[in-house]
Amino acid sequence: MPRPGLKELSSPRVWGPGGVLLAGGLLVGLVLTGGPEGAGRSVPATADGLPHTTVDVSPGGCGRGWVHPRPGAQVFDLHNTSATAAEVYLKAAGSGAVYGEAEGIGPGTTRQLRVRLGRGAYAFMCLPDDAEAVTGPTVRIHGGGRGGPAAAPVTEHDLIPPTLGYQKWVARGLNGLVDRAARLRDAIGRGDLPAARRDWLSAHLAYERLGAAYGAFGDADQKINGTGAGLPDGDQDPAFTGFHRIEYGLWHGRSADTLRGPAAALADDVQRLRDDWAQARMDPAELGLRAHEILENTLQFELTGRTDYGSGTSLATARANLDGTRAVLVRLRPLLVTRYPDVPALEDELSRAQRMLDGFRQGGRWTPQARLDRTQRERTDALLGDLVERLASVATLCDVRRMV
């Protein structure tokens, strides 16, 4: 479901403990703009307790200033002396594995990049906007043992096979969704509202499992799974359609007569989406980001009850979102296992979250999110919140990097 307020992954990005590629807000941050002090030399440790080295970011001087290489944890103050914005990678000179990166360094500004380096050869790569990449001089560190974790860049070519596999999985899911939406329409058509409530949940969860594809669903998603938020008349607006419109009616005493039109429209919209999907093309560069956004949306909307229109099934939706996340990760796994040592821990944590959410289903009924006690709520928020942080690393690892 496309919803407003998705958190952007920040930059610069660095490799953290255990091989986790961390968003920039966790370890590094923006520093004051302006000319650097001590250009071309290492400066003493500052308030962060680490040595700093100012490095030039420009087509004509990429990497200039790193003249006293040292092993260990350190900070590079990346100063853009050019007239255009640029991004920077610090990579292994031989393999091209990336140790850290900084994006969107504006002209005349400085960004910090924190890394841990060991014995080896390194080079900065500067990528100005609308210009070819430039690789700076190779710098060798002769002592200090092994450095921090690094990972080979992921290319768009790498992501094409998992994306095609995922599209086929979505196509199969849409076939099942069409059948479930038709059953919902038929139950409402014959006035069987208890059956309609069961069929509504079955169809809605089938749609929510396809969460990673929502960016490719376009305007169809708003019709199928949108809410009244942002509409002129809110939940009473004629443009409020789809699953949540029917949910509101089924759990607020509305008659079958009032729901036949919305149910028929939903079935038609789902059918149209399935038919159009054969021509859809997902952007391979977005697959890793979807793995992160599915559960980020779960935290923001399902675990807060913001999308509950009376059914009390937000935790069931969260459980379906876990399935959607797994569907992405299964296809990305061949790329991740050589780049992300915490894949087993991530998979174990997904299983723990699955068991926890399954525990909220008793006797075929889901516990409404609003009825969780404080301990249950905190445990649920903490576990899914940690998963979102781990999946942010997956999104960053699968971000396509420009290498030329």
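Ranked by Cβ crowding within 10 angstrom, fewest neighbours first, how are 124, 240 ordered?
Going from sparsest to densest Cβ surroundings: 240, 124.
Could you work out the per residue convex hull volume over the alpha carbons of the chain, in cubic angstrom?
158
Please give, to one decimal in nm, the separation of the simple spin-label points placed at residue 119 and residue 370, each 7 Å out from Cα toward the Cβ.
6.4
Suppose only helical runs count, i.e. DSSP H with n ≥ 4. What mean residue ellipticity at 222 nm does that imply for the chain under -39500 (n - 2.57) per run, divided by all residues and rounded to the nearest 500 deg cm²/dmol?
Taken over the chain, the calculation gives -14000 deg cm²/dmol.
Summing +1 for each Lys or Arg and -1 for each Asp or Glu, what net charge is found among the other residues whose Cβ lies under 10 Å from the Cβ of residue 265?
With Lys, Arg at +1 and Asp, Glu at -1, the net is +2.
Answer with one residue from 353, 261, 201: the one whose Cα lies farthest towards the positive end of the charge dipole of the chain, charges on Cβ with Lys, Arg +1 and Asp, Glu -1.
353
How many angstrom lie between the Cα centre of the range 208-257 and the Cα centre of the range 282-329?
Using only Cα atoms to place each centre, the spacing works out to 16 Å.
So what's the projected area for the range 193-275, the Cα convex hull averaged over all directions, in nm²?
Averaged projected area of the range 193-275's Cα convex hull equals 5.5 nm².
Which residue fluctuates the most in the chain, going by a Gaussian network model with Cα springs under 10 Å, if the choices are 82, 95, 311?
Highest fluctuation among the options: 95.
Once the other residues with Cβ under 9 Å from the Cβ of residue 284 are scored (Lys, Arg +1; Asp, Glu -1), what is the net sum?
Value of the local net charge: -4.
In the Gaussian network model of the chain, springs joining C-alpha atoms below 10 Å, which of 65, 147, 49 carries the largest mean-square fluctuation?
49
Just to confirm a number: summing +1 for Lys and Arg and -1 for Asp and Glu over residues other than residue 107 whose beta-carbon lies under 15 angstrom from that of residue 107, what do you get?
Around residue 107, the surrounding residues sum to -4.
Normalised by the residues of the range 168-237, what does the relative contact order come to in percent, with Cα pairs under 8 Å and at least six apart?
26
Laboratory data are not the source of any read-out in this text; all were calculated from the coordinates shown. Since the structure is predicted, the reported quantities are computational estimates derived from the model, not experimental observations. All Cβ positions, even for glycine, are placed from backbone atoms using ideal geometry, and neighbour counts span all protein chains on display.
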